[in-house]
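Here the structure comes first, spelled out in structure tokens, and everything after it is commentary.
The values are calculated or read from the model by the stated rules, or taken from the named source; none is laboratory data. Quick caveat, the model's predicted, so the values are computed rather than measured. Backbone-built Cβ (ideal geometry, glycine too); neighbour counts: all protein chains shown. Just so you know, the surface numbers come from the protein's heavy atoms only, side chains and all, with ligands and any DNA or RNA stripped out. Shrake-Rupley method; radii C 1.70, N 1.55, O 1.52, S 1.80 Å.
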Amino acid sequence: MIKLVTDNKLMFIIIHVVIGFFATLPVFPSLFGYIIVAVCVSIVLFSDNRNEEAFIIAAYIVGLEVFLRMIKGAPLFETGKYTTIIVLFLGLINGQTKQKLTLSFPIYLMLLLLGIVFTKVPAGESIRKAIAFNLSGPFMLGVSAIYFYKRTIKISEVYNALFFFLLPVFAMVTFIYFRTPNFSEIVFGGVSLGETSGGFGPNQVATIIGFAAFVIGFFMLTKKTLTGFFLLDAIILMYFTYRGLLTFSRGGILAAGICFVVFALLYIIHKRDYGKIFQYAIVGGVFLAGVWLYTSDVTGGMIDNRYSGRNARGIKKKDVTAGRLELFTSQLSGFTDTPVFGIGVGNGKYKRFAEGDKKGTSHNEVARLIEEHGLIGLFALMMLIFVPLSHFLRLDFFQRSILISFYLFWFFTINHSAMRIAFPGFMYALSLINLRYEEE
């Protein structure tokens, strides 16, 4: 199945574009959601994970998650995370073990579970939902990290997995295109827009589209093609970047830009082709300028205000973080009140609601861990930060360029979007793999 898809990339891209169109019709989203989850689990279950099917299918699910939520086709809101956990667990127990075992991440999972003891929710609220909302992402990270820790993965398998990640993003971008109103009906301003992100959370949509643009750039820079035509790949990259900018959500797009620059620099060092730095910079600058100017024209210059921290009238905002900085400081104060075990999983939101803050849901996983898990959360965070670093030192620059990019995607995403989607936890786990060339 995997080989069938990778040998016919353009055909399966077109199939997913068609899926994106059909998702605008009634009934199809729910039917598609149940069928695709069943198919993904079945592929891993019956393949015995001989060719890293668990890794590749998990990448597809991570790319699919936001699309399923957007079209209301997910059997459960956290379907993406739960299915990723199931697929990787099946890969562990069915396939040949290819990685070293470590106690670090089982300990990390146990530390997370301690916070449940202190969870309290107001009357009428669901304690199950509070725990699932806040811990499903970190728990998925832990399971993914156990699967990928020093697991030997070929570079060709990474390319395959990244292509599978892209496929549902084609469906998502197609769906967004058909669901976006005429631009004359949209009021562009200084905030993120649901109208240009399929009616779903712009932050999550921009995160996935941003990474998709990174993947296309990754393929192009390393002389691989998605469609078989370099020019068509370039056009797709421009359109993805354009759709990402139109969400007016900055975090995912800026993270993708920074990660691609880091990847490109390390890749150039690996190739020892320093003379091309200027050439790449010129080509990249022209590309970005063209997409930006077109987007600026479409939005009446409001995209310029958005990325320069100004409101619709062009006045500089006092807080360019859209309230995230104030929320971050509030969470740190919660840590100082109960520093040892924290205030309990999910309690931060209800604490701020009680204080009159109607936007109390955390956007920052670093602050959430510290506030809700206390010193235990701080220890878990430090472990996550430092475990991959020693691993990077033993790699060459091409291997570093890939794994450090994954690591940075994790860190940037949890600081602007917490772990509401499976993407950051999966990216972190991928930074732990033993990346090997084909001849090895």
Out of 92, 103, 64, 88, sole residue that is of a type outside the set (Ser, Thr, Tyr) and without any contact (Cβ under 8 Å) to a residue 40 or more places away in the chain: 103
Where residue 428 falls short, out of the listed (1) part of a helix (DSSP H, G or I); (2) closer than 29 Å to residue 325 by Cα; (3) modelled with pLDDT under 95: (3)
Residue identified as within 29 Å of residue 34 (Cα to Cα), open to solvent by less than 20 Å² (accessible area, probe 1.4 Å) and not charged (D, E, K, R) among 49, 94, 134: 49
Members of region 431-440 found to be of a type in the set (A, V, I, L, M) and either within 17 Å of residue 386 (Cα to Cα) or modelled with pLDDT of 95 or more (or both), listed by number: 432, 433
Filter result (open to solvent by 10 Å² or more (accessible area, probe 1.4 Å) and not in a helix (DSSP H, G or I)) within region 207-241: 222, 223, 224, 225, 227, 228, 229
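Any residue at all in region 184-199 that's in a loop (DSSP other than H, G, I, E, B), touching a strand residue (DSSP E or B) at 6+ places or on another chain (Cβ under 9 Å) and not charged (D, E, K, R)?
Yes, that holds for at least one residue.
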Checklist (1) open to solvent by 10 Å² or more (accessible area, probe 1.4 Å); (2) in contact with a Pro (Cβ under 7 Å, 6 or more places away or on another chain) applied to residue 39, failing item: (2)
Considering residues of region 14-36 that are in a helix (DSSP H, G or I) and touching a Lys or Arg at 6+ places or on another chain (Cβ under 8 Å) only, the residue most open to solvent (accessible area, probe 1.4 Å): 30
Wholly enclosed helices (runs of 4 or more DSSP H) of region 312-415 bearing at least 3 residues at pLDDT 70 or above and farther than 26 Å from residue 256 by Cβ: 324-337, 365-392
Answer residue from region 97-121, given it is under 18 Å from residue 338 (Cβ atoms) and open to solvent by less than 70 Å² (accessible area, probe 1.4 Å) and is modelled with the lowest pLDDT among those: 121
Cross-chain or 6+ apart pairs with Cβ under 8 Å, region 195-206 first and farther than 19 Å from residue 23 by Cα, then of a type in the set (A, V, I, L, M, F, W, C) and part of a helix (DSSP H, G or I): 206/253
Selection count, region 167-210, where residues are farther than 25 Å from residue 424 by Cα and within 16 Å of the chain's Cα centre (by Cα): 0
Residue in region 139-152 that is part of a helix (DSSP H, G or I), open to solvent by 10 Å² or more (accessible area, probe 1.4 Å) and out of contact with any helix residue (DSSP H, G or I) (no Cβ under 9 Å at 6 or more places or on another chain) present: no
